[in-house]
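The values are calculated or read from the model by the stated rules, or taken from the named source; none is laboratory data. For clarity, every value in this text was computed on a predicted model and none was experimentally measured. When we count neighbours, we look across all protein chains shown, and the Cβ atoms used for this are built from the backbone with ideal geometry, even at glycine. These area figures cover heavy atoms from the full protein model, side chains too; ligands, DNA and RNA do not enter into them. Shrake-Rupley method; radii C 1.70, N 1.55, O 1.52, S 1.80 Å.
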Amino acid sequence: GQLPTWLQGILLRNGPGIHTIGDTKYNHWFDGLALLHSFTFKNGEVYYRSKYLRSDTYNCNIEANRIVVSEFGTMAYPDPCKNIFAKAFSYLSHTIPEFTDNCLINIMRTGDDFYATSETNFIRKINPQTLETLEKVDYSKYVAVNMATSHPHYDSAGNVLNMGTSIVDKGKTKYILFKIPPSVSEKEKKNSCFKNLEVMCSIPSRSLLHPSYYHSFGITENYIVFIEQPFKLDIVKMATAYIRGVNWASCLAYHKEEKTWFHFVDKKTKKEVSTKFYTDAMVLFHHINAYEEDGHIIFDIIAYTDNSLYDMFYLKNLTKDLEEKNKLTSIPTCKRFVVPLQYDKDAEVGSNLVTLPSTASAVKEKDGSIYCQPEILCEGIELPRINYDYNGKKYKYVFATEVQWSPIPTKIAKFNVQTKEMLCWGEDHCWPSEPIFVPSPDAREEDDGIVLTCVVMADPKEAPFLLVLDAKTFKELGRAIVDVEMHLDLHGTFIPEKDLKFDTE
């Protein structure tokens, strides 16, 4: 096929690449050592490269020729200790876990720099052209967080907004929203953006020892949208996991009898909206988008009724007959919540406060809290992406992978949230990855541009490829066949040529 001539830059993606080291194996697919890969578009041609992230974790494991650094689903026991004192000490030192820097989930940009990220307090700077691993940054040196999300947001001024959890710091557990400015000046260059990191606000956790797990958050023009779900970490269990010989993932539990709380933080005043908004128990990983309309905040998410998704990816479950046997017990559902921030304070108890045309409701309760029920937009999509120029604004299109009852995507979809129409691309034995939208330079409409996805074949004899679709029609423009094995990855980003700084440091 033909690639658009304007497509110049790098598609950079990240995901777990290796699951066996020496005689040891990771338990969970999300634990594998990070493998970066990239497609460089230059004058109608595509170049592929891949490289393991040379994290401290990678280096330690490879050197020992076994897994010596714990990951979320795999607890590692370094050398059987020389004596009893050393043993006791190593147990104690694991109380607040020394997390891994195996940053395998996403790519984050700050100023001109790019980082591989996961959900721990470590991120690794990388060179997007050579995929070389550069310095390690520890968030906890700049802000009191023990973990942070892999899905930050970017504002028009080039700031990065992200959230992290601060566990039992000064007797409180809280969710911290922070802002990383782009680098200041050349001479301050080294990590200067982190030195100038600013805490925008903190939201106290409803429970000291059971903070909510979250993978992403939402943002509108004036607000941050954070969902405190009853899928929670048990801090005491986590602190004793090493001694008990279990992994950290076993310290996550879903409390289906509890509520899911919505928090809205005003970006200007840095204060949280005082009304208590909630919905039924749910588990979510990905926010799609959020925006404001007539005094309401509207946000779209992909939610589940249980946490079976994480369990599906234990390697013991990812067997050959994956598609027949391994069924999700809860299908991903795209939900739209419509939350009235401004409403008649004298409204009757039991009345629906949503005044926009929507089947979503927000009902006032006796105690003044507001119970929200969503509108169901569609089912069976995951790994959602949008045209990021519409982030925080009213929008139409979600680009996503289509998953039915198996966790492995078989198609990619373009879904119109306004008309509920869906276009799909799929071929037999193809497993596409998260689709990334790249706007065309003269884009007038939201879907003027292309969609890029990496496709891995279910049959290992068939070559994987990069697929380029016209975002409007969802018709194939071309594909670039890759003659090496390609891994199923998680998330990534497209870096236009103009944003690549050829620095040689």
Original post:
Within the stretch 10-60, can you find the residues that are part of a loop (DSSP other than H, G, I, E, B) and open to solvent by less than 10 Å² (accessible area, probe 1.4 Å)?
Top reply: Tyr26, Gly32, Leu53, Ser55
Subject >> Single match in Asp489, Asp483, Asp442 (criterion: surrounded by 13 or more Cβ atoms within 10 Å (Cβ to Cβ), in a loop (DSSP other than H, G, I, E, B) and not small (Gly, Ala, Ser)) >> reply: Asp489
**OP:** Output the number of residues of the stretch 326-344 satisfying the condition of being assigned to a loop (DSSP other than H, G, I, E, B) and modelled with pLDDT of 85 or more.
**Re:** 6
Original post:
Filter the stretch 360-372 for residues that are within 28 Å of the chain's Cα centre (by Cα) and either more than 14 Å from Phe262 (Cβ to Cβ) or not aliphatic (A, V, I, L, M) (or both); which is surrounded by the most Cβ atoms within 10 Å (Cβ to Cβ)?
Top reply: Cys372
Original post:
Among the strands (runs of 3 or more DSSP E) confined wholly to the stretch 240-295, which include 2 or more residues that are modelled with pLDDT of 95 or more and more than 19 Å from the chain's Cα centre (by Cα)?
Top reply: 260-266, 277-279, 283-293
Original post:
Which members of the stretch 122-143 meet the condition of being crowded, with 16+ Cβ neighbours inside 10 Å and not in a strand (DSSP E or B)?
Top reply: Asn127, Pro128, Gln129, Leu131, Tyr139, Ser140, Tyr142, Val143
Original post:
Out of the residues in the stretch 492-502 that are touching a strand residue (DSSP E or B) at 6+ places or on another chain (Cβ under 9 Å) and in a loop (DSSP other than H, G, I, E, B), which is least open to solvent (accessible area, probe 1.4 Å)?
Top reply: Leu500
Subject >> Filter pass, Lys232 being basic (Lys, Arg), surrounded by 15 or more Cβ atoms within 10 Å (Cβ to Cβ) and either at pLDDT below 95 or not in a loop (DSSP other than H, G, I, E, B) (or both) >> reply: yes
Original post:
Somewhere in the stretch 92-105, is a residue modelled with pLDDT under 90, closer than 27 Å to Asp234 by Cα and in a strand (DSSP E or B)?
Top reply: no
Subject >> the stretch 460-480, residues that are aliphatic (A, V, I, L, M), in a loop (DSSP other than H, G, I, E, B) and under 15 Å from Leu3 (Cα atoms) >> reply: Ala471
Original post:
If you go through the stretch 144-172 one residue at a time, how many are open to solvent by 10 Å² or more (accessible area, probe 1.4 Å) and at negative phi?
Top reply: 14
Subject >> Ser202 modelled with pLDDT under 95, in contact with a Cys (Cβ under 6 Å, 6 or more places away or on another chain) and farther than 20 Å from Leu12 by Cα >> reply: no
**OP:** Filter the stretch 378-405 down to the residues that are open to solvent by less than 10 Å² (accessible area, probe 1.4 Å) and not in a loop (DSSP other than H, G, I, E, B), then identify the one that is farthest from Val349 (Cα to Cα).
**Re:** Thr401
Original post:
Somewhere in the stretch 180-188, is a residue touching a strand residue (DSSP E or B) at 6+ places or on another chain (Cβ under 6 Å) and under 21 Å from Arg109 (Cβ atoms)?
Top reply: yes
